[in-house]
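The values are calculated or read from the model by the stated rules, or taken from the named source; none is laboratory data. This one's a predicted model, so the numbers in the text were calculated from it and none came from an experiment. A quick note on method: Cβ atoms are made from the backbone with ideal geometry, for glycine too, and the neighbour counts reach across all protein chains shown. Quick note on the areas: whole protein, heavy atoms, side chains included, nothing else; ligands and nucleic acids left out. Shrake-Rupley method; radii C 1.70, N 1.55, O 1.52, S 1.80 Å.
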Amino acid sequence: MAFQQDGYTVTRHVCPRNCYDACGMLAYTKNGVLRKVEGDPAHGYTRGKLCAKGYSYVQRVYHPERLKYPLYRSKRGSGSWEQISWEKAMEIIATKMLELRERYGSFLPLGLNKYSGNFGVLHNAVEGMFNSIGPTTQATGSPCWSAGLDAQYYDFGAYITSDPEEMVKARLVLLWGVNPAWTAVHSMPFVYQAKEQGAKIVVIDPVYTTTAKKADIYIQVNPGSDGALALALAKIILTNNQIDSRFIKEHTVGWTEFSDYLSSLDLQELISLSGQKTAVVEELAELVGTVKPVWFWLGFGLQRHAYGGQNMRAINALAAMTGNIGLPGAGVHYAHLETWNYSGLIKNYRSHTGSLVRNRYVNINQFAEEMAKADDPPLKMLWISCRNLLSQDAHQARLLQLFANLELIVTVDQFLTPTALQSDLVLPAATHFEELDLVSSYWHHWVGLNEQAIEPYYESKSDLHIAQLLAKTLNSMEPGLSNFPSEATAEEILDREFNQEVYNLLGISHWRELAEGPKRANLARIAWENRAFKTPSGKFEFFSRRALRNGLPAMAELRLGPTPCAEYPYWFLTSHPQHGLNSQFHNLEWALKVNPEPVAYLHPATARQKGIKPDTMIRVFNEKGQLVVKAEVTMEVPPHVILCHQGWFPSTDFNVNRLTGSALTDMGEVATGGRGMAFYDTFVDIAKI
Ligand SMILES: Nc1nc2c(c(=O)[nH]1)N[C@H]1C(S)=C(S)[C@@H](COP(=O)(O)OP(=O)(O)OC[C@H]3O[C@@H](n4cnc5c(=O)[nH]c(N)nc54)[C@H](O)[C@@H]3O)O[C@H]1N2
Ligand SMILES: Nc1nc2c(c(=O)[nH]1)N[C@H]1C(S)=C(S)[C@@H](COP(=O)(O)OP(=O)(O)OC[C@H]3O[C@@H](n4cnc5c(=O)[nH]c(N)nc54)[C@H](O)[C@@H]3O)O[C@H]1N2
Ligand code: SF4
Ligand SMILES: [Mo]
């Protein structure tokens, strides 16, 4: 419940961004105005602290460019927006939907593209509204984490992580393809504590990141070659007989096949593929083979490659053969979904006819090309929510082509993003200070409530209220068309999302208790402590028949993805920025102060070779397009890598995804319904201007 402190009304919130940390926060309001935001000390993992983005939320809520009203333009690209009423907006939308159904016989020409702008549970109202009217076209899959989830599914049978605090018990911490000093800041205290207690910290990343600077050992691996590195380590550990025979015997299947495979590999070839010196790999193997417990944290960056899933399986195998699973301070940690088991009623997967909604699902990573091909029926209208796809998705040129063929594009957002700018109708969304919601994390085990602190900004509305308004409008035109609970309050919908299982997990009897503070779920602190793996064999599977059945290698065999070619000789890495979160926050005053414009990082040797001077503008280009961006010359990237952190800078036309989009990852269909995006297998050339 809101409480009073020093003349402020204080409410509890959880940052609903797609971020490892899902921080608990307190909002301080006076006279209905949000004055400041602080970390919530009652949150046991984020412990009263936020990242710089979190502290800047007041700037976001009252940003001069924040959308206030529904905006419409009768001619797309005309540049002139007209403020219209919500009634008018809903009438345009509902009329178009009914007209399309009339023309094509179903709502399949209506598409939904939604992802991770806000991960709050009540935001599933958007899917719920769509599903309430019968089959539509919906983006499925994820641009984010698909390959890694499937890798964990094949080997362990599920995605489960230890409580991240358990990391402090490790003697060796491998931060592999993850940059928590930027992307999961609240884990860093646990990394430091582990170090203080004697653990060695190893960072494996092609880029000498802020996290790498905190490590004892930094391995500058070639992009996409982690499978080779892990197999090299595994082979040395096998040769040195440093395996955990007991764990292998009791808790795994397929070791004979896998160890035979390891024996057949050429160690020097693996080492050279990973770009390392033999002595370095031997030193790391000695650590992994002799020190216990080892905590492996596999990041999302690791799996944004053509064989990202396969590479992760090789690291899983390394952890299993050394017995580093199910022990305090050990384990392979990627992400979990164990605190997301709400009833899902809001998603309304059953339509009013009582059957499952037979939506046309399209992989979000191939949305443009799949929809360009679709003609039975074609896609004619698109609803975009919690997404900035004209910044964040691969294949930008094809997306723009698709947009040109659509009759109505509706974007619900807080700002006139590149996506909103290419839409016909833009609806203003409330922030998480203006709505009730509930937010889980995919990393720590805490769940928290988001209370409403202030009234929605001008005419903005929550995604739930927008869904309800659309349902009402449709029903006024055709009674009974939508069964979405258009009159229910957010509280009533939360009541329905909870069930006894979730209450037991959180140890509460009503969700309102979360207003007293976030709760840690009653989950095992140590992943797989009971060794009851969820695979068909009940063991860790070095050899997975499921993978084989799905057309994948049964084991963590080496697979080599694409590498730079003569025409495009550099890897183009577009990992996650420090002061923005995907396309969000970059436009705020504080972020612009430290990060006023996008830059491309390149190695001094590369700059010399190309005649590029520091701080001058360069072209980064490939067959898909080009970027004009300032060069920053630094030893932090290797000579064969150009690094531009992804993001959206409103005053520039910077967009890394103009250059991405060549390949999907190997895995992702089981967990998310579609394979992931190999964003980091993009190759470019550069030139001075
Ligand atoms: N090149 C390259 N591209 C990438 C990546 C990469 O590493 N490199 N990373 C990928 C990854 S991991 C991800 S997760 C995706 C993320 O891509 P998106 O899911 O598109 O994520 P965001 O940019 O965080 O948010 C999208 C929009 O949601 C809006 N929003 C915020 N809150 C709300 C709300 O309550 N309601 C509504 N309707 N809108 C809201 C924000 O203002 C923002 O414009 O990007 C992917 N794209
Ligand atoms: N500040 C901030 N925090 C964020 C986000 C953000 O945009 N900004 N985004 C959120 C989201 S949606 C996500 S998905 C996560 C992402 O956060 P992370 O899991 O940290 O993932 P990335 O930033 O994609 O990449 C992490 C590291 O992987 C490295 N890398 C790239 N290719 C390879 C490779 O082949 N092998 C190895 N070993 N390393 C490689 C990159 O250089 C990068 O340093 O962060 C979340 N938190
Ligand atoms: S962006 Fe991440 S670290 Fe920052 S406040 Fe939100 S959840 Fe916390
Ligand atoms: Mo992501």
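Quick notes on this structure:
- The condition of being open to solvent by 10 Å² or more (accessible area, probe 1.4 Å), in a loop (DSSP other than H, G, I, E, B), more than 16 Å from ligand 3 (Cβ to nearest atom) and modelled with pLDDT of 95 or more holds for only one of Glu65, Glu91, that being Glu65.
- Within region 325-341, the set of residues being out of contact with any strand residue (DSSP E or B) (no Cβ under 8 Å at 6 or more places or on another chain) and of a type outside the set (A, V, I, L, M, F, W, C) comprises Gly326, Pro328, His336, Glu338, Asn341.
- Here Gly148 does not fit the description of being over 20 Å from the mean Cα position of the chain (by Cα), open to solvent by less than 10 Å² (accessible area, probe 1.4 Å) and over 30 Å from Arg35 (Cα atoms).
- Selection within region 2-57 - aliphatic (A, V, I, L, M), modelled with pLDDT of 95 or more, open to solvent by 20 Å² or more (accessible area, probe 1.4 Å) and out of contact with any Gly (no Cβ under 7 Å at 6 or more places or on another chain): Val33, Ala52
- The residue that is nearest to Val291 (Cα to Cα), counting only those in region 197-250 that are more than 14 Å from ligand 2 (Cβ to nearest atom), of a type in the set (Gly, Ala, Ser) and assigned to a loop (DSSP other than H, G, I, E, B), is Ala199.
- Tyr104 open to solvent by 10 Å² or more (accessible area, probe 1.4 Å) and at negative phi: yes
- The listed residue being among the hydroxyl-bearing types (Ser, Thr, Tyr) and either free of Cβ contacts under 8 Å to residues at least 24 places away in the same chain or within 16 Å of ligand 4 (Cβ to nearest atom) (or both), out of Ser78, Ser56: Ser78
- The residues listed here are Leu270, Leu298, Leu262; of these, the one that is of a type in the set (A, V, I, L, M) and in contact with a strand residue (DSSP E or B) (Cβ under 6 Å, 6 or more places away or on another chain) is Leu298.
- Within region 488-592, helices (runs of 4 or more DSSP H) holding 1 or more residues that are touching a Gly at 6+ places or on another chain (Cβ under 6 Å) and more than 30 Å from Asn118 (Cβ to Cβ): none
- Qualifying residue in region 164-185 (condition: open to solvent by 10 Å² or more (accessible area, probe 1.4 Å), within 16 Å of ligand 1 (Cβ to nearest atom) and polar (S, T, N, Q)): yes
- Cβ-Cβ contacts under 7 Å between residues 6 or more apart (or on different chains), taken from a first residue in region 13-39 that is over 30 Å from Tyr115 (Cβ atoms) and of a type in the set (Phe, Trp, Tyr) to a second residue that is within 11 Å of ligand 2 (Cβ to nearest atom) and part of a strand (DSSP E or B), are absent.
- Residues that are open to solvent by 10 Å² or more (accessible area, probe 1.4 Å) and either within 16 Å of ligand 2 (Cβ to nearest atom) or among the aromatic types (Phe, Trp, Tyr) (or both), drawn from region 420-441: none
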